[in-house]
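Please treat every number below as a calculation from the coordinates, not as lab data. What you see is a predicted model; the values in this text were computed from it and never measured. Backbone-built Cβ (ideal geometry, glycine too); neighbour counts: all protein chains shown.
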Number of protein chains: 4
Amino acid sequence: MALLPVQLALRYTFGLAPYIGESVMLIVMQSHATEEQVRAVCERIESLGLRAHPIPGAARTAVGITGNKGEVDTGALESMPGVVECIPVSKPYKLVSRDVKEENTIVRVPTPLGEVSFGGEKIGVVAGPCAVETREQCFAIAERIKATGTRLFRGGAYKPRTSPYSFQGLGEDGLKILAEVRDRFGLGIVTEAIDNESLALVEHYADVIQIGARNMQNFSLLKRAGRAHKPVLVKRGMSATLDEFLMAAEYILSEGNYEVILCERGVRTFADHTRNTLDLSVIPAVQRLSHLPIVVDPSHGTGRRNKVLPLSRAAVAVGADGILVEVHNDPAHALSDGPQSILPNEFDQLFAESSAIAAVLHRTLN
Amino acid sequence: MALLPVQLALRYTFGLAPYIGESVMLIVMQSHATEEQVRAVCERIESLGLRAHPIPGAARTAVGITGNKGEVDTGALESMPGVVECIPVSKPYKLVSRDVKEENTIVRVPTPLGEVSFGGEKIGVVAGPCAVETREQCFAIAERIKATGTRLFRGGAYKPRTSPYSFQGLGEDGLKILAEVRDRFGLGIVTEAIDNESLALVEHYADVIQIGARNMQNFSLLKRAGRAHKPVLVKRGMSATLDEFLMAAEYILSEGNYEVILCERGVRTFADHTRNTLDLSVIPAVQRLSHLPIVVDPSHGTGRRNKVLPLSRAAVAVGADGILVEVHNDPAHALSDGPQSILPNEFDQLFAESSAIAAVLHRTLN
Amino acid sequence: MALLPVQLALRYTFGLAPYIGESVMLIVMQSHATEEQVRAVCERIESLGLRAHPIPGAARTAVGITGNKGEVDTGALESMPGVVECIPVSKPYKLVSRDVKEENTIVRVPTPLGEVSFGGEKIGVVAGPCAVETREQCFAIAERIKATGTRLFRGGAYKPRTSPYSFQGLGEDGLKILAEVRDRFGLGIVTEAIDNESLALVEHYADVIQIGARNMQNFSLLKRAGRAHKPVLVKRGMSATLDEFLMAAEYILSEGNYEVILCERGVRTFADHTRNTLDLSVIPAVQRLSHLPIVVDPSHGTGRRNKVLPLSRAAVAVGADGILVEVHNDPAHALSDGPQSILPNEFDQLFAESSAIAAVLHRTLN
Amino acid sequence: MALLPVQLALRYTFGLAPYIGESVMLIVMQSHATEEQVRAVCERIESLGLRAHPIPGAARTAVGITGNKGEVDTGALESMPGVVECIPVSKPYKLVSRDVKEENTIVRVPTPLGEVSFGGEKIGVVAGPCAVETREQCFAIAERIKATGTRLFRGGAYKPRTSPYSFQGLGEDGLKILAEVRDRFGLGIVTEAIDNESLALVEHYADVIQIGARNMQNFSLLKRAGRAHKPVLVKRGMSATLDEFLMAAEYILSEGNYEVILCERGVRTFADHTRNTLDLSVIPAVQRLSHLPIVVDPSHGTGRRNKVLPLSRAAVAVGADGILVEVHNDPAHALSDGPQSILPNEFDQLFAESSAIAAVLHRTLN
């Protein structure tokens, strides 16, 4: 095959403008593609206002594409004669990346009992019931988890439920109960918002705004969270790739809120022995690419009470910046709790064993 | 092993009340579980206000649970001595089920050019660009698709994008362009709503309200769609099971809107040769369980232009009640179109071949 | 950032030697990587006997790697300071690729009733029971499928079963029954081999040697099949990517047997409404990259009798080069048949509808 | 709906015979199924030589099926009028189950330096290169890993490779090098067999026979391993469910070899930030159902060197009975090692941190 001029300036310029990035593509040509076919591909690219960078080789030619700031119509290019495929090269996230900020972001959540931090040497602990049911329930659980040293209380007032006939949460009444928990026990509050209306209320009553897995790509909600003045905990979607997970955080940062905590809570796979497959390898993967803290929810991550303790230990051991655990108090009236909640005395053990493992890594629970 | 009284009334009573269903569970005991352990499990179940139905056997005992209207805390039960596991038996959906309505629901969408129906002998066709960009673009495409006999036009005014830096759609201006398409060409309009605010506008301007895959479990949005007075097309979430897919529709029906069209658009798997894995087997599976019509989106379902035509043919062949296809007009300015859009002349061929295959099944495109 | 000499010869030379390919890698550096870090990466690459091709850009540098003929230790490189990640660029397959052979391979299977071809305009049909049970069973089914015009009979004499306590097949006795089917009805025989011993026997008795999904990466068996003198039908593994699927065929071709038919039979995903998720998009994907024919097994692909007919129609509509269908004769003694077998009269309908759809694509069943 | 006689004897009798189990099914009828349809289903079941157990309810009837020792043709039953679906209830495994043996199996591997045990309080450690390349390489690595206290050496002489053009291992020459490692350093040997021929040699030279993930359902090989007189380490297949994983072990036990160690090595999912998704929740899941020990391979489980250390810590923390780690010695000639191998000094740290975490669980590495 005749060679085109051998010269390349495949530029990784996507970091130039802080917000709007170029993406870089490679077009791989067939080994028997003609010079004319390569030229046609280059012309098509240039006609789109982009730059084409032919990369000839002994056996085949590749063509780099730069200059595009949105999506490239790879379909149009893949359909051209002589083309094998298009390969995206650059990553889409900016603000969440360590390219932009090398050192860890430490998210500090103030509580009456003192600040709880995520992302530094301390490991944050959040515990509480799946759903806020009654003041008595919350107080009973709050008392027990506070006794371990835990200072962040979780509990849902708005519950995204698969069935419209299931309990949907107490709404603002639930938020008021949570506020009472803060007043009475000094615990900070982490609770979920499910739409713009509930987010405004959660922002008012709580200390950390949770975005659930099912809303990880509810971009309207993410933007609203990006304009909130409280830290946001974003759960990984059920089948979110690492890139999509980071892009969800990017949405929030791009609106000005830099206080974001990521949360692995299990992904959906073929495996049927747990409700979800907890993907602990995403912890070091996120920590490598992003400066944001990442915590683990072993309760939703497994969906099975008897797996919460071992997977909590594993989460701390793998290097997570926190854990988020469902605890309920009264097994005799456990109907409204998920099958993954543990009992207060199981939580005592969980806290103790997690502390001991954290110490191996020279970290402490907070 | 000593036997407990052999008698069972494992009742499948979950259809009794039209809206609020009982779920039925089976607790499987270990083969060497003691009589006492079985009794303890039964007592625990009864103490929760439920009914326990011991089902003894030569090798082991199972215990049926009835009477529960919410979730059972299977965690509490699975943790008891002698228990192997809990197995859910009943299905959660009601209104979407053929148990409630045996005959097919036919959703009829009125357009200036006449009614387009989904769910009967006719197969509905929807075509148009990924995003509404300009009036000229929409008019050009509308003209071409109308020429084939297609009477429903799709195009996004609100675009859920993975990146906050990508084009997010023209918003209400886009909806106005779509309304002009209806006025000028007589085509009905299918377009997506992404939150409560946009849904109100889409309901005003469009003929079918689309709920995207990423919002399939945005329950707040589903409930709002259930109060709308236009048909709703719900796309299957990226990793939604058949049950979850039907439950999303159940949310809409439970609010009073029975005009729901389901849409398979590919699911997320390990496979990397297409953007999503189009799951055509879900078509006969849905048709077996539900009376609602189901259509296929081969454009998002594959993410590759060169696979849209073959998978459209396959969708019609498998028995889908409609297809939803992305078509763009001008390859020279295709940047904002997804890599899965096909050209108008490719759509001509798609329509013709799909028609011929529909005829084999004694159906016609409409 | 200071630039290194801007010049690249990222060569796609992996097609140079017909068998042993170079693979091409890209190392992406962090945007704030120092010139020294880039140099260290290049030196490491060169010290491995490879060539490094720094590709500087305004925001970051990438480094192309060529010259390697095996696996590159990307772990060693990814661990170096300043490195973000490694991206493989080239594809590993050679002989199965259209790069090596542009026109379709047509596999011709001779039978007493005439040749059946796969990969040309004709669509091959293979039908028969899951397992060979008795002579009577096989004769009864053979008679029925022959009546439709089908000339290839399938039936397992060696059955890979999940449980050691399930029926494992009749072994050589089963092969002899199959040989009688050929003698009496003139049908060609397709049957599975599960190890080197059974492969020798299958090669002797049958017309097409089947390699099952669970053995798609049993490389010892693939090599043995590559030395056989009969066509080989290779089923896609339960979680095989397109690349791995093609590499399994590559193993067979690399030993000298070019008569290979690929078979999609469903992959494993989270979806639970079918036993496997039939991935019909792999048909056009394979046909784009490889010259080998590809057929579809809708019986294993869905695992449900009531889905075999619609998915067979879809397989023909998508462009498959053949279908492989399980048919059993006697529902009253169906215990040993899989739940996915259809009845002879259902097969009649399947054959008729598939023929009609093939005609739309100007193809005929054979 | 009229009720059938309310009486059930849904017997979980599948444990009666030690080897050949009955499976139990439930047929769920439609809520509007007629009495006649239920009767027809029962008659069909009885005509198959099975027992039918109608379970009437207020809203619908279910029918239990017992007495079957193989597979039930659920397809035939699901196709009958009035039937919604079939649900399997019983589990297929016997010998690997805690039902058969309550206490943990402790697999003891003798080495010149003393016994290494898996399944008791001690946690077994296995380390070494991906592939045996040279005597020098193996000796250098053996020396380093022995220094930590590790007494089991791993290294592949037969390598299952995706590409036929990749290094396939040294074969028996490799096994001889491994035997020299045992002689010189006193380390026990763990190495893979890929077919019946290599298994006989591995059984001769090594101390533990490894069955790789790609062969987890190579039943011919599993049976041969069941007749071997050395312990067998079985890796979980890339998309194996918990049931299939246990059934692979069941194959080995059913042939008489009870010395089986299970190994989690990552499963295939949509996630693309690691080569496989390490499923640590399978450890407590296996330990709940089976008496067999289970270890973790974090090297293949992640495919990335920088994730081996954190995931090894997590494996010990979750309660694994051992870890299997790839270590290579010479980064300057690392080409033939996988990208997941760690360096000896990284292994020193891994051993030390894993020991410290084991101590939290009152266990010790051995």
>> Can you tell me what share of the DSSP beta bridges in the stretch C:57-209 is antiparallel? A percent to the nearest 5 is fine.
In response: 25
> Mind checking the log10 I(q)/I(0) for the stretch D:195-259 at q = 0.19, 0.28 Å⁻¹? Debye, one equal scatterer per Cα, no solvent, two decimals.
Replying inline: -0.61, -1.28
>> Can you give me the C-alpha center-to-center distance between the stretch A:225-256 and the stretch A:119-181, rounded to a whole angstrom?
In response: 21
>> Can you compute the radius of gyration and Dmax for the stretch C:88-136, using only the Cα atoms, both in Å?
In response: 17.2, 54
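If you wrap chain D's Cα atoms in a convex hull and average its projection over all directions, what's the area in nm²? Write down the numbers at each step before the final one.
Numbers: hull surface 83.4 nm².
Computed as one quarter of the Cα hull surface, the answer is 20.8 nm².
Give the average, rounded to an integer, of partner chain Cβ atoms located within 10 angstrom of each Cβ in D:257-269. Don't skip to the answer; put the middle values down first.
Details: counts 0, 0, 0, 0, 0, 0, 0, 0, 0, 1, 7, 12, 14.
What the average comes to for D:257-269 is 3.
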>> Run the helix sum for chain C: -39,500 (n - 2.57) per DSSP H stretch of 4+ residues, divided by residue count, reported at 222 nm to the nearest 500 deg cm²/dmol.
In response: -10000 deg cm²/dmol
>> Between helix D:172-185 and chain D, what is the angle of the helix's C-alpha long axis to the longest principal axis, kept within 0 to 90° and rounded to the nearest 10?
In response: 70
> Efficiency by 1/(1 + (r/R0)^6): what FRET value for C:Asn345 and C:Leu113, r their Cβ-Cβ distance, R0 = 22 Å, to the nearest 0.05?
Replying inline: 0.50
>> Let me check against my output: what whole-number percent is the relative contact order of chain A, with C-alpha pairs under 8 Å and at least 6 apart?
In response: 15
> Packing-wise, with mean Cβ within 10 Å as the measure, how do B:294-303, D:256-265 rank, highest first?
Replying inline: B:294-303, D:256-265
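Taking beta carbons within 10 Å but only from partner chains, what does the mean come to for residues A:355-362? It would help to have the intermediate numbers written out before the result.
Details: counts 1, 6, 8, 1, 2, 11, 5, 0.
Across A:355-362, the average partner-chain Cβ count within 10 Å equals 4.
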> Can you list, shortest first and in nm, the gaps between the label point of D:Glu121 and those of its counterparts in the other copies, using a point 7 Å from Cα in the C-beta direction?
Replying inline: 3.3, 7.8, 7.9
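Would you mind giving the mean number of other chain beta-carbons within 10 Å of the Cβ of each residue in D:154-166, as a whole number? Don't skip to the answer; put the middle values down first.
Numbers: counts 0, 0, 0, 0, 2, 1, 4, 6, 13, 15, 17, 13, 6.
Other-chain Cβ atoms within 10 Å of each residue's Cβ, averaged: 6.
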> Over all directions, what mean area does the Cα convex hull of the stretch D:208-324 project, stated in square nanometres?
Replying inline: 6.6
> When ranked by the protection proxy of mean other Cβ atoms within 10 Å per residue, highest first, what sequence do the peptides C:152-165, D:352-365 form?
Replying inline: C:152-165, D:352-365
>> More than 14 angstrom separation, counting every C-alpha pair in the stretch A:284-366; what % is that?
In response: 63
>> Please list 3J(HN,Hα) in residue order for the stretch A:215-229, calculated via the Karplus relation 6.51 cos²θ - 1.76 cosθ + 1.60 where θ = phi - 60°; whole Hz, with x for glycine and proline.
In response: 9, 4, 10, 7, 5, 4, 5, 4, 5, 4, 5, x, 9, 7, 10
> If amide H atoms are built 1.01 Å from N in the plane of the peptide, which residues on other chains or at least 5 residues away come under 5 Å of the amide H of C:Val83?
Replying inline: C:Gln30
> Once both labels are modelled 7 Å past Cα along the beta-carbon direction, what's the A:Val100-A:Glu43 spacing in nm?
Replying inline: 4.0
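Please compute the Kirkwood hydrodynamic radius over the protein assembly as shown, one decimal place, Å, based on all pairs of different Cα atoms.
Values: mean 1/r = 0.0303 Å⁻¹.
Computed over the protein assembly as shown, the radius equals 33.0 Å.
Using the Kirkwood formula on the Cα atoms of the stretch A:138-254, what hydrodynamic radius do you get, in angstrom to one decimal?
On the way: mean 1/r = 0.0679 Å⁻¹.
Final number for the Kirkwood radius of the stretch A:138-254 is 14.7 Å.
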>> Give me the three principal axis extents of the stretch C:170-232 from the C-alpha atoms, as integers in angstrom, largest value leading.
In response: 35, 22, 18
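Would you work out the charge dipole size for chain D about its Cα centre, treating the Cβ of every Lys and Arg as +1 and the Cβ of every Asp and Glu as -1, and quote it to the nearest 20 debye? Mind showing how you got there, number by number?
Details: 38 positive and 42 negative charges, 69 e Å.
Dipole size: approximately 320 debye.
Counting pairs of alpha carbon atoms under 8 Å apart in space and at least six apart in sequence, what relative contact order in percent does the stretch D:141-279 give?
Values: 242 pairs, mean separation 22.6, N = 139.
Reported as a whole number, the value is 16 percent.
Using the structure shown, select from C:Lys94/C:Lys122; A:Lys176/A:Lys230; C:Lys230/D:Lys176; A:Lys307/C:Lys159; D:Lys94/D:Lys230 the pairs with a Cα to Cα distance greater than 28 angstrom. Could you put the intermediate results ahead of the total?
Values: C:Lys94/C:Lys122 26 Å; A:Lys176/A:Lys230 17 Å; C:Lys230/D:Lys176 37 Å; A:Lys307/C:Lys159 36 Å; D:Lys94/D:Lys230 22 Å.
Over 28 Å Cα-Cα: C:Lys230/D:Lys176; A:Lys307/C:Lys159.
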> Over all directions, what mean area does the Cα convex hull of the stretch A:239-303 project, stated in square nanometres?
Replying inline: 4.4
